[in-house]
Amino acid sequence: MNQKPRELTWKELKYFCKIQSNPSKNKSNELIGQDRATESLTFGLLMKEKGYNIYVCGGTGTGRTTFAQKYAEKMAASETIPQDICLVYNFENPKRPRLLRLPPGMGKRLKAEMKELIERLSEEIPKIFADREYEQRKNDIVRILKGKQEAIIKTMTEEARKHDFEVKNSNTGIFFLPIVDGEVINEEQFDSLTQEQRDIISKKSESIQQRASDALREIKEYEKVTKKDVDDLDYALGLLTVGHHMSDIIQSFSSEPELLKHLKAMREDILENLSDFILGDSDEEDAIHALMPWQSKKANDDGLSGYKVNLMVDNSALTGAPVVVDYNPSYTNLIGEIEFDNEFGNFSTDFMKIKPGLLHKANGGYLILQAQDVLSNPLAWEILRRALVTEQIVTEPLREYNTGVAVNCIKPEAIPLDIKIILVGGSFYYDILYTYDDYFEKLFKIRADFDYEMKLNDTNIAEISRFVEEHSPLPLDKTAIFKLIEHATRLAERQDRLSTKFSRLTEIINEAATWAKLDNAKKVKAAHVQKAILKREYRLNMYEEKLSEMIEEDTIMISTDGAVVGQINGLAVLDTGDHAFAKPSRITATTYMGSAGIVNIEKEADMSGSVHDKGVQVLSGYLGQMYAQSFPISLSCRICFEQNYSGIDGDSASSTELYAILSSLSGLPIRQDIAVTGSINQHGEIQPIGGATFKIEGFFDLCKKRGLTGKQGVIIPTRNVRDLVLKDEVVEAVKNGEFHIYPVSHVNEGIEILMDTPAGVKDPYPFNTVHGKVYRKLRSYHRKGTKNE
């Protein structure tokens with residue numbers, strides 16, 4: 001080797017928090033480290049024009065919903081309280097309930113006064129109509145009718161007898177029976193008469209029937225007059241009571257024209273249906289009902305529901321615009337529903353059974369929903385989009401919306417919609433809506449992106465310190481705060497960044513506080529935080545331990561000492577969702593004469609992803625530009641991830657694969673006590689990869705279990721140094737010289753570390769270098785191939 005390779009010192013392996021500044025003591029609703037999201041959210045809330053709804057985009061645990069709610073509440077506090085929403089009976093069209101929008105609190109007052117009015121009228125109206133004077137006056141009117149009826153029937157009876165007919169009254173009408181020789185005859189007797197006698201009787205019958213028709217018509221006219229007289233009496237008496245109670249109500253609501261119109265219509269309807277307030281029957285009422293069937297015999301309790309008020313939205317308790325957060329935005333929860341009663345298979349409903357939805361409750365304010373919840377509820381997005389496009393809330397049965405077939409049902413008036421929707425979700429759902437819904441771009445013009453990380457600076461450190469102190473069940477020692485900040489850099493996977501997954505930090509704080517309580521400690525210390533982190537990992541790393549056991553038992557073959565030609569240790573990261581860890585893999589390469597080029601065995605077995613395939617193609621480009629400038633490459637090469645049964649993707653092993661190929665071609669062995677990760681481009685430059693921290697820790701754990709020799713280590717891209725946030729035990733091992741981490745920026749650096757031989761400089765390649773040996777091997781393949789031809 002030309003010179004000793006560069007190693008990272010223990011101080012470069014993580015961020016060491018030693019900030020001496022005290023945590024911020026000022027509680028703030030500002031988003032910590034989310035300047036872009038703050039500006040977007042604030043601007044979106046200020047924009048009141050149509051279409052400026054907000055999609056809050058970001059990962060879970062970053063406080064998207066919490067801060068969206070706080071910002072909306074802050075904005076709503078200074079805004080106008082929206083009107084109350086009421087539905088009332090439509091006396092002109094009962095199937096079309098009327099909408100009343102009233103000042104905040106008036107709806108509640110109106111509902112209470114209508115309830116009190118109905119109770120009072122239900123109590124006082126029966127008393128008025130049960131009064132002896134009223135009964136006497138009504139009986140006098142009925143008595144006149146009865147007298148006229150009797151006089152008409154008497155006159156008609158006398159006239160009938162003159163024509164030899166007897167009058168008989170029944171429930172079905174008046175009948176005339178012929179009299180012969182002073183006796184009333186029946187039908188059989190009539191048939192036994194002579195034809196002449198029957199003709200005479202029939203002729204007389206026609207005359208008397210005409211007279212009977214005139215008499216009945218006269219009786220009906222008297223009945224109409226009597227009914228009107230009774231109605232006028234009832235109206236006059238009712239007007240005194242109803243007018244007395246309603247005049248004050250009408251006067252108190254005179255500032256609302258639509259409500260005033262409804263109250264006047266209600267007053268007239270009450271006066272026309274006073275019988276609905278009369279409860280109970282009497283023998284006299286039964287008699288009157290028999291005589292005058294148009295007169296209601298019994299009050300109908302359901303008839304009073306038309307005078308009630310369906311207070312859909314009561315904003316009396318608000319101090320500003322409403323802010324509603326919901327996690328179940330189903331069809332009925334969004335726009336409300338119409339309930340039905342089922343009596344013996346017959347469905348019935350009325351305006352009082354119309355229930356409000358989220359759009360009603362948040363109207364005039366803000367509604368915060370989760371994108372996943374909206375898209376997973378059938379028809380939820382469609383109904384939300386329709387409401388935003390039309391700016392109306394239309395409550396209709398789900399069956400009618402689904403099928404388009406009109407249901408014989410009440411249809412309340414559409415309610416004007418003035419609302420700001422805040423949809424919270426990840427970029428996945430945003431892309432779905434943006435791609436597949438033409439209206440989405442027009443309706444959600446503001447996107448507020450929550451970053452998963454923030455810069456590590458004094459301001460953000462102070463804010464996180466304040467945050468963890470506010471959310472800790474116990475006081476925090478300064479060392480505990482430092483440990484939490486260091487853990488925040490580990491979650492961000494960068495030394496110069498802090499994670500914005502505040503939910504994860506809150507979990508660690510609470511768990512650390514629990515461990516502190518178990519130790520009877522009054523403060524949470526760094527040891528408690530570290531224990532909480534380790535115990536959390538222990539709960540999640542069962543699969544990692546099983547894999548580690550298989551490597552220890554040599555079921556999965558990984559070497560950590562010696563040197564082997566064409567064999568190298570690569571590193572891959574497995575992510576189970578809530579836990580990520582590294583899986584060491586043995587990568588082998590075989591080379592021989594031929595023209596197949598580099599063959600990726602994983603690809604041939606349909607176990608390779610497109611990115612990994614691309615990395616293999618890059619290797620061909622590198623070999624070509626390095627060795628095929630004066631002759632074509634005649635090479636067959638097979639590369640393989642040994643004991644890989646679940647597939648592979650990504651290009652982070654492309655440099656590793658190249659080292660194995662160069663080892664196979666040069667015949668120089670590769671150190672097995674060093675694992676490698678890093679992507680390569682066609683010029684041999686090492687590119688950064690993801691999961692560097694987990695990859696180093698994965699190989700370190702394996703070496704530690706087998707015994708640290710002081711020579712083991714990992715090669716990583718130089719550009720990944722800032723991404724290292726290693727565990728303390730790895731840092732300590734590096735500090736003690738028991739483990740090594742080599743940053744490389746070019747493949748030549750890695751070659752010299754792994755093969756303990758100079759890489760070599762081009763034009764020409766020295767004989768005793770890796771590139772020189774590879775060049776000569778490829779040239780010999782070409783010559784032999786040409787000679788064989």
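The values are calculated or read from the model by the stated rules, or taken from the named source; none is laboratory data. Treat the numbers as computed from the prediction; the structure is a model and nothing was measured. Every residue, glycine among them, receives a Cβ derived from its backbone with ideal geometry; neighbour counts consider all protein chains shown. Ligands, DNA and RNA are excluded from the accessible area calculation, which covers all protein heavy atoms including side chains. Shrake-Rupley method; radii C 1.70, N 1.55, O 1.52, S 1.80 Å.
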Highest average packing first - 647-654, 601-608, Cβ atoms within 10 Å = 647-654, 601-608
DSSP beta bridge pairing in the chain, given as percent antiparallel to the nearest 5 | 60
Using helices alone, what [θ] at 222 nm do you get for the chain, with -39,500 (n - 2.57) per DSSP H run of 4 or more residues, divided over all residues and rounded to the nearest 500?
-> -15000 deg cm²/dmol
Total formal charge among the other residues, if their Cβ is under 11 angstrom from that of Lys442, Lys/Arg +1 and Asp/Glu -1 | 0
The chain, Kirkwood Rh and Cα Rg, ratio Rg/Rh at 1.30
Where the Cα atoms of the stretch 402-534 are projected onto their three principal axes, how long is each span, largest first, in whole Å?
-> 69, 35, 26
Placing +1 at every Lys and Arg Cβ and -1 at every Asp and Glu Cβ, with all other atoms neutral, what dipole size does the stretch 417-477 have around its Cα centre, in debye to the nearest 20?
-> 240
Mind ordering 737-750, 543-556, 381-394 by average Cβ neighbours within 10 Å, highest first?
-> 737-750, 381-394, 543-556
Can you work out ³J(HN,Hα) from phi for every residue in the stretch 570-580, in order, using Karplus 6.51 cos²θ - 1.76 cosθ + 1.60 and θ = phi - 60°, giving whole Hz and x for Gly and Pro?
-> x, 9, 10, 10, 9, 10, 8, x, 10, 8, 10
Given charges of +1 on the Cβ of Lys and Arg and -1 on the Cβ of Asp and Glu, with all other atoms neutral, how large is the dipole of the stretch 355-473 about its Cα centre, in debye to the nearest 20?
-> 520
Excluding Glu657 itself, calculate the net charge of residues whose Cβ lies under 13 Å from the Cβ of Glu657, where each Lys or Arg counts +1 and each Asp or Glu counts -1.
-> 0
Relative contact order (percent) for the chain, with alpha-carbon contacts under 8 angstrom and 6 or more residues of separation?
-> 16
Computed Rg/Rh of the stretch 403-466, alpha carbon atoms with Kirkwood Rh | 1.25
Mean accessible area per residue over the chain (1.4 angstrom probe, all protein chains present, square angstrom) is 50
For the stretch 613-761, using Cα atoms only, the Rg and Dmax in Å read 15.9, 52
Checked against the positive end of the charge dipole of the stretch 429-536 (+1 on Cβ of Lys and Arg, -1 on Cβ of Asp and Glu, about the Cα centre), the farthest of Tyr436, Asn457, Ala527 is Ala527
In the chain, which helices (entire DSSP H runs) extend 30 Å or more along their own long axis, judged by Cα positions, while averaging at least -1.0 on the Kyte-Doolittle scale?
-> 106-129, 195-252
Quantify, in whole percent, the carbon and sulfur part of the accessible surface of the chain (1.4 Å probe; protein heavy atoms only).
-> 49
Cα principal axis extents for the stretch 460-563, largest first, Å = 51, 34, 23
Quick one: what does P(r) look like for the stretch 213-258 with 10 Å bins over all Cα pairs, in whole %?
-> 23, 26, 21, 16, 11, 3
Taking Lys and Arg as +1 and Asp and Glu as -1, residues besides Val618 with C-beta under 13 Å from its C-beta add up to -3
Where a Cα-Cα gap under 18 Å defines reach, which lysines qualify for Lys478, not counting those fewer than 8 residues away within the same chain?
-> Lys18, Lys25, Lys517, Lys522, Lys523, Lys525, Lys531
Alpha-carbon Rg/Rh ratio, for the stretch 110-149, with Rh computed the Kirkwood way = 1.32
Partner lysines for Lys108 [C-alpha distance under 18 Å; skip if fewer than 8 residues away on the same chain] | Lys308, Lys353, Lys355, Lys361
